[in-house]
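Only one structure is covered here, and it is reproduced in the block below.
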Amino acid sequence: LEVLSMRVAGVVAEYNPFHLGHAFHLAETRRRLGAEGAVVCVMSGNFVQRGEAAVLDKWARAECALLGGADLVLELPTPWALSSAEGFARGAVEVLSATGVVDALSFGCEDGHIEDLTAAADCLLTPAYREALGREAGRNTSFAAARQRAAASLIGGAAGCLSGPNNNLAVEYLKALRTLNAPLEPMAVSRRGARHDAASPEGGFASATAVRELIYAGDMEGAAAWVPRSTAEVLTRGTAFAHAPASLMNCERAVLAKLRTMSETDFAALPDGGASEGLSHRMAEAARRGCSLAEVYALAKTKRYAHARIRRLVLRAWLELRRDVIPGRVPYVRVLGMNGAGRLLLRRMEKSCHLPVVVKPAHAKKLGEEGRKLFELESRCTDLYALCSPVVRPCGLEWTSGPVVL
């Protein structure tokens, strides 16, 4: 394999868990790249954007990605993994563009119409859109609905793409490419089968939500029908060691205890804490009244505040992800796993990467102050994730776990 001639596509994912739809996306991406193409994944760590603990830890999920068609797996640091769609996309594009080896960004979407997605992305970056959103936001409606109506007032039918969750994230990727001036070619892949969050399989595919429900119900045989065999084997191994499935519910009282010690000011200090919108006040009240995480979520949620935003805010609170401890930009590239082609890409990144590359945990000790602080934050997050397993795992895994090598 000639590393200098290969086309390289970046993919942003959570793989919670890696399922047949993800395998299709990687296979289609590789088909478009050609025989000598390679795929670099930027993957959320131990906590995911829904505001939950990942079913499998980040090293197990990196292994699933490599076995499913990826060549190199990099980590999207927790502050960006637990951000809004805009922050999530921006952090991921920062990582991919920093590598200096990725020349395309492949993403899934509901319909694959790149023209509408591009029109929506361009629209959302204009002052005219911000003015239109301000008018719509005062109508006691959800942000998603207000955004789509504001965009529709400017670009008409093309704004219809904003009704799909995968399309929405695709639009955020395109926005990030624009604002960061990242030289990555967009590659839209139409989603197959079950819709995002669909409860039932469709067209030979099941959503990650449906697969997780089977796993949490203990139906590993049922889950195995909708994931590659390699993922099923990793899941089986994880459950055998009681490392999986991880869940925030395994340490619910610990999370509630943290929430009950927090004031309105503490919630306002979190990213997206909503001090100006009244959300921080609502969160403090919900934390005092709720006797379960489900109750806290329900008490805090309104039409204006989406359930996922509330869950992310609760998780940020438990992990102590305050604005003052989060860097303005991703300060390093962390490697979670690689195969042979991935090792060649890493060799190329020694000269092309614009950020320090952390392959072994010991490399983190050589980072600048901002990078070291973020790595220490990740270590704390991993120590708390260790409480989410069926059996509590020890601290220190961030400093003792190297990348998966296949």
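The values are calculated or read from the model by the stated rules, or taken from the named source; none is laboratory data. Values in this document were obtained by computation on a predicted structure and should not be read as measured data. Virtual Cβ from ideal backbone geometry, glycine too; neighbours counted across all protein chains shown. The area values use the complete protein model at the heavy-atom level, side chains included, leaving out ligands, DNA and RNA. Shrake-Rupley method; radii C 1.70, N 1.55, O 1.52, S 1.80 Å.
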**Request:** Go through the residues of the stretch 55-63 one by one and say whether even a single one is surrounded by 22 or more Cβ atoms within 10 Å (Cβ to Cβ), under 23 Å from P403 (Cα atoms), in contact with a Pro (Cβ under 8 Å, 6 or more places away or on another chain) and charged (D, E, K, R).
**Result:** yes
**Request:** Please state which of the following conditions E285 fails to meet, knowing it meets all the rest: (1) under 25 Å from the mean Cα position of the chain (by Cα); (2) under 28 Å from E136 (Cα atoms); (3) modelled with pLDDT of 95 or more.
**Result:** (1)
**Asked** Hey, among the residues in the stretch 76-109 that are open to solvent by 10 Å² or more (accessible area, probe 1.4 Å) and among the polar types (S, T, N, Q), which one's farthest from V42 (Cα to Cα)?
**Response** S84
**Fill in**
Residues in the stretch 322-369 that are under 21 Å from the mean Cα position of the chain (by Cα) and of a type in the set (D, E) total 0
**Asked** Which one of these does S280 not meet: (1) at pLDDT 95 or above; (2) surrounded by 20 or more Cβ atoms within 10 Å (Cβ to Cβ)?
**Response** (1)
**Message:** Looking at R312, R316, R347, can you tell me which residue is in contact with a helix residue (DSSP H, G or I) (Cβ under 9 Å, 6 or more places away or on another chain), in a helix (DSSP H, G or I) and not aromatic (F, W, Y)?
**Reply:** R316
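Whether any residue in the stretch 297-306 is part of a helix (DSSP H, G or I), open to solvent by less than 30 Å² (accessible area, probe 1.4 Å) and under 20 Å from R139 (Cβ atoms) is what I want to check.
No: the stretch 297-306 contains no residue that is part of a helix (DSSP H, G or I), open to solvent by less than 30 Å² (accessible area, probe 1.4 Å) and under 20 Å from R139 (Cβ atoms).
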**Message:** Name the residue that is surrounded by the most Cβ atoms within 10 Å (Cβ to Cβ), counting only residues in the stretch 216-232 that are under 23 Å from the mean Cα position of the chain (by Cα) and within 18 Å of A62 (Cβ to Cβ).
**Reply:** T231
**Asked** Has the stretch 126-136 got at least one residue that is farther than 26 Å from E14 by Cα and in a loop (DSSP other than H, G, I, E, B)?
**Response** yes
**Request:** Looking for whichever is within 26 Å of L214 (Cβ to Cβ) and touching a Ser or Thr at 6+ places or on another chain (Cβ under 8 Å) here; the options are E52, E36. Which one fits?
**Result:** E52
**Request:** Scan (1) touching a residue at least 12 places away in the same chain (Cβ under 8 Å); (2) in contact with a helix residue (DSSP H, G or I) (Cβ under 9 Å, 6 or more places away or on another chain) for the single condition A242 breaks and write down its number.
**Result:** (2)
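Out of T126, T118, report the one residue that is within 17 Å of T179 (Cβ to Cβ), of a type in the set (S, T, N, Q) and surrounded by 18 or more Cβ atoms within 10 Å (Cβ to Cβ). Give the derivation first.
Values: T126 fails: surrounded by 18 or more Cβ atoms within 10 Å (Cβ to Cβ).
Of T126, T118, the one residue that is within 17 Å of T179 (Cβ to Cβ), of a type in the set (S, T, N, Q) and surrounded by 18 or more Cβ atoms within 10 Å (Cβ to Cβ) is T118.
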**Message:** For a quick check of your reading of the model, give me the residue pairs whose first member lies in the stretch 350-367 and is of a type in the set (S, T, N, Q), whose second is part of a helix (DSSP H, G or I), with beta-carbon atoms closer than 8 Å and at least 6 apart or on different chains.
**Reply:** S352/T99
